[in-house]
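Worksheet: the structure to be examined is printed underneath.
Please treat every number below as a calculation from the coordinates, not as lab data. If you're wondering where the values come from, they're calculated on a predicted model, not measured in any experiment. When we count neighbours, we look across all protein chains shown, and the Cβ atoms used for this are built from the backbone with ideal geometry, even at glycine.
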Amino acid sequence: MKIELAENYGFCFGVKRAIKIAEENKNSATYGPLIHNSKEISRLEKDFKVGLIEDYKTFKSGDKAVIRTHGIPKNELAELYTNNIDVVDATCPYVTKPQQICQDMSEAGYNIIIFGDEVHPEIKGVKSYATHGAIVVSSPKDLENVKLGEKIALVAQTTRKVEDYMEVANYLIPRCKEVRVFNTICNATFENQEAIRKISAKADIMIVIGGKNSSNTKQLFSISKDNCFDSYHIEDENDLDYAWFKDKSFCGISAGASTPDWIIKNVLDSIKKNVNE
Ligand code: SF4
C-alpha cells in the first residue's frame, strides 16, 4: 500500500509559536488548554512544568498565566491584569485580528456577525470584543429570523471553510445596505484544507490525525469524507484499526493544525509496520 502525506498538514504558525512561548515560560499555567491536543498538553506539563488552569479566577497574584492560541474574552484578560497576574499572551495573531475588527467595527456603528461555533473558545473571545454585542451564526439559516441592521461587518472563525463563509456573505449582501466582509480565515487552515482536498480525491483510505475537539481537524475530516468514503479521524496510533486498510492501495495522511509531528510519526510508523510488512 502506498502511503502519502498531504502537501500541507499539521502544526501551523500560531501553534508552533504558542508552544515555543509555553516552553520558554516554565513553571507557569495556561488558562484553558493551550491548543486542542491533550497529548501535547501532557508533554508540556511533564517536560516544562506548564500546568493547565480551567478557571482564570484561580490564578493568584504573581502567578504566570499563558493565554492560549484561541484567545480569551476581553473582560477575563483585563481581570488577570488587574489581579497582578503575569500574563504571557500566546493568542495567535490570526485570532487577535478578528478580535480587533469586532471592536473597531462595533465602535464604527456596524452590527457584527460572526460565522463560527458559538461555544468555541476562539469565538467566545472574538465575540467579547464586539462592544455592542454580536450575532454568531453557523449557516445562513441562522439569519432567517434575524432583523438585520443596515451596516454589517462579517468575520469568520479562523478555521472555517471558505465556501461555507461565502454562503453567509451571499445571504447578507442582497439584504443589507452595506456589508463589510473580512477574510479572517487563516492561511494555515486554507493550505491544509486545499492539500487534503487534493490527496483525498486520489486516496482510497484517508487518516486524519488530531484532537477529537479540534475544530480544524474536524473541518479537514469533513473535506476528506466528501472525497473519500473511508476517511478516519484518529487522535493517535492507538485509535488505528488495521482492518480498515484491507485491500486498500493508497493511504493519504493529514493532520490538524494542533497535531504535533511526533504523533504523526508514530501513526506513520505504526501503519508501515502493521499494514505494509
Ligand atoms: S490555525 Fe491559524 S489561526 Fe489557528 S492557531 Fe493556527 S495559525 Fe493561528
Practice prompt. Would you order Arg180, Arg197, Arg160 from fewest to most other beta-carbon atoms within 10 Å of each residue's own beta-carbon?
Written response: Arg180, Arg197, Arg160
Worksheet item: Considering only DSSP beta bridges whose two residues both sit in region 119-277, what percent are antiparallel, to the nearest 5?
Response: 0 percent
Worksheet item: Of the residues Ala153, Ala195, Ala108, which exhibits the maximal mean-square fluctuation in a Gaussian network model of the chain defined by a 10 Å Cα contact cut-off?
Response: Ala108
Worksheet entry | Rough spin-label spacing in nm, given labels placed 7 Å along Cα→Cβ, for Asp104 and Asp230 | 4.9 nm
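Quick one: plug the Kirkwood hydrodynamic radius of region 94-185 (C-alpha pairs) into Stokes-Einstein at 25 °C, 0.890 mPa s, and report D in µm²/s. Intermediate results must be reported in sequence, preceding the final value.
Numbers: Rh = 12.7 Å.
After rounding, the answer is 193 µm²/s.
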Worksheet, complete the sentence: The set of residues whose placed amide H lies less than 5 Å from the amide H of Val179, leaving out same-chain residues fewer than 5 positions away, is Ile152
Item to complete: Would you order Ser258, Ser200, Ser222 from fewest to most other beta-carbon atoms within 10 Å of each residue's own beta-carbon?
Response: Ser222, Ser200, Ser258
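Sorting Phe115, Phe250 on the 10 Å Cβ count, fewest up front, what's the list?
Working: Phe115 26, Phe250 15.
Result, fewest neighbours first: Phe250, Phe115.
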Practice prompt. Any of Lys26/Lys60; Lys218/Lys273; Lys124/Lys147; Lys225/Lys265; Lys46/Lys218 with alpha carbons more than 25 Å apart? Name them for me.
Written response: Lys218/Lys273; Lys46/Lys218
Response to the item:
Asserting the computed 222 nm helical MRE of the chain (DSSP H runs at least 4 long, -39500 (n - 2.57) per run, divided by residue count, to nearest 500) equals -12000 deg cm²/dmol
Worksheet item: Can you tell which of Ala90, Tyr129, Trp262 lies farthest toward the positive end of the dipole of the chain, using +1 and -1 charges on the Cβ of basic and acidic side chains (Lys, Arg; Asp, Glu)?
Response: Tyr129
